[in-house]
Amino acid sequence: MYNNDAMLKKSFKYSFYKYHYIIDSFGGTSRIECKNLVKITELKFSFLLYISPKLFHMVPKRVFDGKEDDLEKFRQLMNEYRGHKLQSKV
């Protein structure tokens, strides 16, 4: 699907904050509250932030090449997002 859709290949800008993240793209701006994420998965080459059981935003780890401290900070933020998700269920 990715190879056949030029729109999927366009650049996205992610901005991460304590309780939400923002995506700026060709189609506009989206704000996602971390408490609304279904799950967060770390894979070998990316992080997947699920906004529904089958739909996710992908953050490639290559954006952290040469920035290991930033990668670790991002991991910590993702753990905080997971914590906010658990707190919102209580």
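The values are calculated or read from the model by the stated rules, or taken from the named source; none is laboratory data. Quantities reported herein were computed from a predicted structural model and do not represent experimental measurements. Cβ: placed from backbone, ideal geometry, glycine included. Neighbour counts: every protein chain shown. The accessibility values were calculated without ligands, DNA or RNA, using every heavy atom of the protein model including side chains. Shrake-Rupley method; radii C 1.70, N 1.55, O 1.52, S 1.80 Å.
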Task: In segment 4-28, the residues that are hydroxyl-bearing (S, T, Y) and within 20 Å of Y81 (Cα to Cα) - done: Y14, S15, Y17, Y19, Y21
Open item on the list: Give me the residue from segment 78-90 that is buried (at least 16 other Cβ atoms within 10 Å of the Cβ) and either under 11 Å from the mean Cα position of the chain (by Cα) or outside any helix (DSSP H, G or I) (or both) and, out of that set, modelled with the lowest pLDDT.
Closed with: Y81
- [ ] Go through segment 37-57 and give me each residue that's within 12 Å of the chain's Cα centre (by Cα) and not aromatic (F, W, Y).
- [x] L37, V38, K39, I40, T41, E42, S46, L48, L49, I51, L55, H57
Open item on the list: Which count do you get for residues in segment 2-44 that are open to solvent by 100 Å² or more (accessible area, probe 1.4 Å), of a type in the set (F, W, Y) and assigned to a loop (DSSP other than H, G, I, E, B)?
Closed with: 3
Task: Of all residues making up segment 58-70, the number that are within 10 Å of the chain's Cα centre (by Cα) and open to solvent by less than 40 Å² (accessible area, probe 1.4 Å) - done: 2
